[in-house]
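To start, the structure itself, in structure tokens.
The values are calculated or read from the model by the stated rules, or taken from the named source; none is laboratory data. Computed from a predicted model, the values in this text were never measured in an experiment. Cβ placement follows ideal geometry from the backbone for every residue including glycine, while neighbour counts extend to all protein chains displayed. To get the accessible areas, we keep the full protein, side chains included, count just its heavy atoms, and leave off ligands, DNA and RNA. Shrake-Rupley method; radii C 1.70, N 1.55, O 1.52, S 1.80 Å.
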Amino acid sequence: MLKYWPPLNALRGFESAARLGSFHKVAIELNITQSAVSQQIRSLESYLEQPLFFREGISVTLTDAGVDFYNSTQDVLQQLAVGVRRLDQYKKSNQLIVNTTPAFACYWLLPRLDLFHQKYPEIDIWLFTTYAVPDMAIETIDIAIRDDISAQKECIYKELYYDKLYPACNPILLNTQKRLTLHGEGIMDWSNWTLQGGESVGQQLNGINFSDPSLLLDAICQGLGIGLVSQLLTLQVKKDKKISSLSKHSIKGNVWSCLIHHESELGLMTQYFLQWLENELSKCTAEFI
């Protein structure tokens, strides 16, 4: 890809010239000589093997190729500017970086995050969601909360919640005989329901398969079909009557655990968040007793 990179030091001069329509104004804006601006533009045009500007006295206007390249340059520089601004996040002393799965973030954490903010308004949470398990040794993460993690070096590992699974659907499907079967992966597969003694609730081998647990739950809530769901993640949607259980039986699910980096272990922000997290999870446990 490097062979397609233009002279990068010339991009700023080109963007300014395209925007201002004058090499003289560019020189003032960038605090360089006008001849340096002209040299930058010539080197860029030489690399691209075509003119980018029409020179008209002290003014310049873009050629068709120049307009096309200006649009691309704006996109790249805007993306770079956003990337630079994002780096400011790493310098915030009151920021706590929390990693979790998209499903946990959407269905459990977000409905409760305002409670944490009300209690600790001075702490800024950076919610970093990933499908893959993070490597805590090389990634900037204070605490990870997931159902797919195990112990890692340089981290405190703690089990927080033993989840259960049950079959569910949108209430509109409760009295429907033919219902589409939605299949998840791993522990969310219907074979686990059968192997752990779950009765038939009309599930079929055919249907729609989901690799993303959050999309599976979305589909169930929207009435697409029946599927296995997490007891923990469905607390709110069940209260909102978006799903109903198809059985009084439940089976063993994953264990929600956390990893806390050693460098964050003694930090007050991490301690506050962990205490709040455990307290909220204990409330969830009490709801099922």
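Tabulated values for the structure
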quantity: Region 23-46 residues that are in contact (Cβ under 8 Å) with a residue 12 or more places away in the chain and farther than 16 Å from residue 7 by Cβ, paired with ones that are of a type in the set (A, V, I, L, M, F, W, C) and surrounded by fewer than 15 Cβ atoms within 10 Å (Cβ to Cβ) (beta carbon under 7 Å, 6 or more apart); calculated: 24/58
quantity: Within region 271-289, considering residues that are of a type in the set (A, V, I, L, M, F, W, C) and open to solvent by 20 Å² or more (accessible area, probe 1.4 Å), the one farthest from the chain's Cα centre (by Cα); calculated: 289
quantity: Residue match in region 77-97 (condition: open to solvent by less than 30 Å² (accessible area, probe 1.4 Å), of a type in the set (A, V, I, L, M), touching a residue at least 40 places away in the same chain (Cβ under 8 Å) and closer than 30 Å to residue 255 by Cβ); calculated: yes
quantity: Given (1) open to solvent by less than 50 Å² (accessible area, probe 1.4 Å); (2) closer than 26 Å to residue 270 by Cα, index of the condition residue 236 fails; calculated: (1)
quantity: Residues located in region 26-58, provided they are under 16 Å from residue 70 (Cβ atoms) and crowded, with 17+ Cβ neighbours inside 10 Å; calculated: 26, 37, 40, 41, 44, 45, 52, 53
quantity: Cβ-Cβ under 9 Å pairs, at least 6 apart or on other chains, region 176-188 side touching a residue at least 60 places away in the same chain (Cβ under 8 Å) and under 13 Å from residue 165 (Cβ atoms), far side charged (D, E, K, R) and surrounded by fewer than 17 Cβ atoms within 10 Å (Cβ to Cβ); calculated: 187/252
quantity: Those residues of region 173-187 which are open to solvent by 50 Å² or more (accessible area, probe 1.4 Å) and over 22 Å from residue 241 (Cα atoms), in sequence order; calculated: 185, 186
quantity: Residue satisfying all of: in region 188-200; surrounded by fewer than 20 Cβ atoms within 10 Å (Cβ to Cβ) and touching a Leu at 6+ places or on another chain (Cβ under 8 Å); farthest from residue 233 (Cα to Cα) among these; calculated: 192
quantity: Region 201-228 - residue that is touching a helix residue (DSSP H, G or I) at 6+ places or on another chain (Cβ under 6 Å), modelled with pLDDT of 95 or more and not in a loop (DSSP other than H, G, I, E, B) and, of those, surrounded by the fewest Cβ atoms within 10 Å (Cβ to Cβ); calculated: 221
quantity: Residues that are more than 18 Å from residue 217 (Cα to Cα) and open to solvent by less than 10 Å² (accessible area, probe 1.4 Å), drawn from region 98-124; calculated: 98, 99, 116, 123
quantity: Yes/no for residue 133 being in contact with a strand residue (DSSP E or B) (Cβ under 7 Å, 6 or more places away or on another chain) and surrounded by fewer than 18 Cβ atoms within 10 Å (Cβ to Cβ); calculated: yes
quantity: Test: residue 145 is at pLDDT 95 or above, of a type in the set (Val, Ile, Thr), in a strand (DSSP E or B) and buried (at least 16 other Cβ atoms within 10 Å of the Cβ); calculated: yes
quantity: Counted residues, region 153-188 - those being of a type in the set (Asp, Glu), closer than 19 Å to residue 251 by Cα and modelled with pLDDT under 95; calculated: 1
quantity: Region 239-270, subset assigned to a helix (DSSP H, G or I) and either open to solvent by less than 70 Å² (accessible area, probe 1.4 Å) or in contact with a Pro (Cβ under 9 Å, 6 or more places away or on another chain) (or both), residue farthest from residue 144 (Cα to Cα); calculated: 269
quantity: Any hit, region 174-182, residues being outside any loop (DSSP other than H, G, I, E, B) and closer than 29 Å to residue 285 by Cβ; calculated: yes
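Matching residues to (1) farther than 30 Å from residue 137 by Cβ; (2) out of contact with any Gly (no Cβ under 8 Å at 6 or more places or on another chain); (3) hydrophobic (A, V, I, L, M, F, W, C):
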residue: 169; (1), (2), (3): yes, no, yes
residue: 202; (1), (2), (3): yes, yes, no
residue: 219; (1), (2), (3): yes, no, yes
residue: 233; (1), (2), (3): no, yes, yes
residue: 256; (1), (2), (3): no, yes, yes
